[in-house]
Each structure stands twice: as C-alpha cells, then as structure tokens.
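See below for the structure under consideration.
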Amino acid sequence: MFMSASRLLFPFLWLTIGMLSAQAQEFTYPFVNGIANLPPLTCESQQTVACEFVVTNPGSKMALIVIKVENLPDSIRLYRIQNKKMILLDQAGQLMANPPRPVEATFRRDKELVIGTVKQGQSACFRVYLTNHMRTYPKTFRIQLYTPERYRASEAVWFYDSERHQQVIEVFFWGVISIMVLFTCLQYILLRDIQFLYYALYLFLTLIRLLLTNETIVLDGWPGLRAIGFTSRFSLTALLWSLCAYSLFFRAYVETDIRAPQSDRISRWLGWILFGLGVLDIFVTIQRVSVSFWVITYQFIEVSLIGFGVLHLWILWRNYDQNVKYIFWGIVMLLIGGLASLINQRFPDLAGAETRDRLIWIAAYMAEFLSFSLGLINRQLTAQQEQVQVQATLIEQLQENQRKQQQLLKIRSEIARDLHDELGSELSGINILSQIAVERLASQPAFVQLTLATIGDTSRQVMDRMRDIVWNLSLHHLYTDDLTEQITALTTSVLEHSAISLKLTIPPNVPASILPPDHWRHLSMIYKEALHNVVKHARATELTVQFRIDEGIANLIIEDNGVGFLKTNIALGNGLANQKHRAGILKGSITVTSQPGSGTRIHLTFPLHADLLA
C-alpha cells in the first residue's frame, strides 16, 4: 500500500546510524527473569523511529530472542549490524505479512513479534525500525525482549499460548458460516425469496473478509500480490461490500419500500456509496492513491459506519414488530461486540489481547448470524401460517357454498314435492271435470254448470297455491326486512278482502336472520294455510295472531271465533297433513284445538338455532 521500504527507510537509516550506535543498550542473555525492557519510543504520524541494542550470549547454545512491540506499529523491521552493514533478519507489523515461524520457535507468531538469534559465545548488535503511517496522531511503542520460555509463560492465559486451539475455533467459525451460506442458497432456490439471496451474499462476503484478515491464510504473502503491494488484512473492500449486501438484505426483509419509503431511498444510496468505496479500496491497497487520502477516507468510513448502524436501528425501532425484532437485536449484538472490542483495545498490555479481540468478534458475529437466521425462519413460519389461514378460509367458504348449494337443492326438491302433492291432484281433477262437462254439455246442462263452478273454485285454489310458492321463492327479502314486517305483510295479504277483525301481537323489530331461508318457507306455508282456512271455512269475525320467542323456542298461536269443528268428524286432509309435515321439518310440533261453536286454536312451536340468535 505504501511507498517502497527502501525509498522510505534507508536514507533515514544511514543519516542516524552514528547517533544510534552511541545510544545502544547492552543486555546479557537470558536477561533478568527472561525479560528485558527498552525505552518507549514515540513516533509521530508519517514518521519512522528506531532503537539499537546489543545482546551477549555467554551460553553454549544459540540464543533465540523474541522481540515484542506493543501498540502494533504499521511495520516492524529487525536488522543486525555487522561490519557497518545492516542485514534484515525479520519483519512484522499491521501492514506486513507474517513470515513463516522459525523452526526454533515453539510459540505462535504474532504480527507484533520479530525474532532474532545470537550465536553461542558471541554478541550481536540489533536495530529495530518502527513506522506510524496509518495514524494522524503520535503513537508510543513499548519494546520488550523475551526468552522463548518467558514469552510462552507470559502468554499462558486461557488458551492463548495454543495456536491450534485458536485455529480450531476459527475453522469452526468458518465452517458454520459456510454451512449457513449453502443452507441460505438452497432456501433461495426452493422458495425464490430474494431475502435469502441477499443474506447468503452477506454471509459469503463476511467469510471472505475473515479469511483475508486471518494470519494463517495471508494472501499478501503470495509473490504476485506482494509485488504490487497488496495488503489483504488491511483491505476494506470485503467489509464494505458485505455491508452493501447487508443493506440489500435489510431493505428486503423490513420492506422499507412500503414501511419507510424515505428511509429506503437513503439506505439504497448508502448501499451504492459502500459499493463504490469498496471498488476504490481495491486501488488504495495497490498503491494507486496517496496514503494521506486513504487515511482521510478511512476516518470518513469509521464515522459513516456509525451513522449507518444508527440509521438502521432507527428504522427498525420505528417499524418494530415480531419479525423486525430479530434484525434489531442482531445489530445490537454486533454493536455490543464492537464496544467490547474497543474496551479490550484499551488494555493492550494484557496477555492475549489480540486473540481475545478475535473471540469477541466471533461471538458478536455468531450472535448476529443466529438472530438473523431466526428472523428468516420466523418470517417463513409466519408466511406459512398465513397461507394455512388463507387456505382454511377458502375451505370454509367452499364448505359454506356447498352447504348453501345443498340447501337450495333441498328447497327445490321440496317445491317440486309441493307442486306434485298440492297442485298435481287438483290439476288432474280439473282435467277430469273438464272432460265430463264436455261429455254432458248437451244432455245435462245444470250438471255442467255445477261442474264449471267446481273447476273455477279449484282453479282459484291452484292460483293461490302457486302464488304462495312463488312468494316463498323470493328468499332475498329475508335479509333486507325484519321478521315482524314479513309476518305482518303476509297476514295483510291474506285478510285484505275479508271482514275479519285482526289482533296481531308480535315483538317489534325481530330480525329475519333468526330463521334460515328454508325455515321461513315452512313457517310461512303453515301460517298461510291456517289463515286461508279461517277465511274460507271458519266463518269467523275475529282473529287473534300471536308470535313470541321464549328461551330460544318460537311460538305461533292462531285463534279465531269461528264455527269450529270436531276432528273426529273431519278426515285428515292434505292441508293439516302438510302442516304437520312442515312442523316436523322445523323439528317442532303443531297442535290444533277446536270445538263446534267455540272456534279453532292452532299452536305451532319449534326451536331456533342458537348461533342465529347471537
């Protein structure tokens, strides 16, 4: 990313070599308690500082010196001064790819460590150069010399001394993300929901970013990339593009285009800005933009990412519900992880600070991924439940339509039976009487006259029956008028040409919906038959009709002051038989009470449906 090391360092090195030689500190290996401290070095922004020291090895074996520089310089270069020449021994730092671990080292290599050796019975002069290019403020670096045994002891906190443990955790984390990517892609293929595609892209780019910043898989150690100065662990391209993919997922999941159109436009433009910055960062990492410009851009990105997270939390808070809460708390977990990482970075002297920081981020990402995955699962379960509800509603509607169709078929069959039973015999009688009248027209004119009168009466009865049937076919009036008006209208239509005094007692505003259409049809037919009998046969002057509902039981009472009759003297005709049949259909009963000279009383009772009364 930066200018060549030789162009930056060597002019400065040769100008200061004389001063540093006079200031070199001397140490005897294996130091006091296996550790030695050099004076802290403060390095201004865009500068390089150096310190020189001499180590004497009186022992009979080669001495391995672990040099640790705290506060993580951008680059650390260790030289041995021999015959006024500087020989590069090792290099590390934030912007440097770690070289392979020496065979003699039995501890994990960190990017703040460099390794030097001193042969047995000899002394060696070392010089360390530290750079501070990526910060706009001074940094103070603390340098410590360790024996390998002492360094391992200082790092023996939790499992920080075990490189294998850390690699196992990282590989497990990579495996979890990889499985989630495959699973989410399969969900997209099966469900064709764009949310899963965006989420899979977010996971994939996050995995790429973690691989780029890992110390085991170091892309900038490859000769081809290293030749152009590519520094993978400091490249923000994968981070920016993963946030761009996250923005797409966020907009699709929360449905901001519907819930928050203005916020959706802002989020869309932020996504494009993140994508463009990711493209720009590719060129930054191969030294095509100046370092100062990159520093300003990096600071702008840090501030923008905070605003990016706050914006999305604000959108989620305004649209918080059972689905959105998973995304909300996922972002909160990631922000908590970032806060914990900042707190951890405030204590760089604690052993294993870098590994602890990595574990913090792994935990934060796992919490976020788990929350997001639960959100997607809950979203799909909610969609499935809605589909089940829609299907249940459709099934219920189909069943209701089928029930109505069956009810209509039942009514049609009953009408056909009524036409056959009530009108068929009377029409047949008219036909027979007509034939007899024709045959006896010349020989028995008086008989023919009586026959024609009978035909006229029968025809009027047929017309009345037909009028009743047609009237009952108009079922739509049941749901536009109330039952009180229907009974009143029916009574008036039958008695309008008679001189009978009517006393009608019925509760006001009784809803017609308490009777199904077929029940109303049977009730009206029973009622009209009774009224016709009063008009035609009872010779009554007064008629009392009462309709009431007692605890879910309908009562219809018809009472006149006519001549009455003895049931033993009258055969059970079609009228009374049909009334009893219709009462049975209503699951009720009809009682006829009459005495000669005392009038007639008809009492019909039948139950009402409880759900229709509600």
Under the Karplus curve 6.51 cos²θ - 1.76 cosθ + 1.60, θ = phi - 60°, whole-Hz ³J(HN,Hα) for region 429-434, x wherever Gly or Pro sits: x, 4, 4, 5, 5, 4
Under the rule of at least 5 residues apart or a separate chain, name every residue whose amide H is placed under 5 Å from the amide H of Leu586. none
Would you mind computing, in nm to one decimal, how far apart the modelled labels at Ala453 and Arg440 are, each placed 7 Å from Cα along Cα→Cβ? 1.4 nm
Which net charge results for the neighbourhood of Arg127, defined as the other residues with beta-carbon distances under 10 angstrom from its beta-carbon, given Lys and Arg at +1 and Asp and Glu at -1? +1
7 Å from Cα along Cα→Cβ at both Ile194 and Lys61: what's the point-to-point distance in nm? 6.6 nm
How do 603-609, 172-178 rank on mean C-beta neighbours within 10 Å, highest first? 603-609, 172-178
For a protection proxy built on the mean count of beta-carbon atoms within 10 angstrom, sort 32-38, 244-250 highest first, please. 244-250, 32-38
Report the FRET efficiency, 1/(1 + (r/R0)^6), for Lys84 and Glu149, where r is their Cβ-Cβ distance and R0 is 35 Å, rounded to 0.05. 0.55
Cross-link pairs beyond the 26 Å C-alpha cut-off, checked among Lys61/Lys139; Lys111/Lys139; Lys410/Lys528; Lys536/Lys587; Lys119/Lys139; Lys85/Lys119: Lys61/Lys139; Lys536/Lys587; Lys119/Lys139
Out of residues 5 or more away from Glu542 or on other chains, whose amide H comes under 5 Å of its own, with H placed 1.01 Å from N in the peptide plane? Ser501, Asn561
Between Ala416 and Arg403, what is the spin-label point distance in nm, taking each point 7 Å from the Cα along the Cα→C-beta axis? 2.5 nm
Taking Lys and Arg as +1 and Asp and Glu as -1, residues besides Val54 with C-beta under 13 Å from its C-beta add up to 0
Within the set of other residues whose C-beta is less than 13 Å from the C-beta of Ser263, count the net charge using Lys and Arg as +1 and Asp and Glu as -1. +2
I'd like the FRET efficiency for Ile266 and Ala392, computed as 1/(1 + (r/R0)^6) with the beta carbon distance as r and R0 of 60 Å, rounded to 0.05. 0.90
Burial ranking of peptide ranges 532-538, 268-274 (average Cβ count within 10 Å, highest at the top): 532-538, 268-274
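Read-outs: derived from the displayed coordinates by stated rules, not from any lab. All values derive from a computational prediction rather than experimental measurement. With ideal geometry, Cβ positions are generated from the backbone for all residues, glycine too; neighbour counts draw on all protein chains shown.
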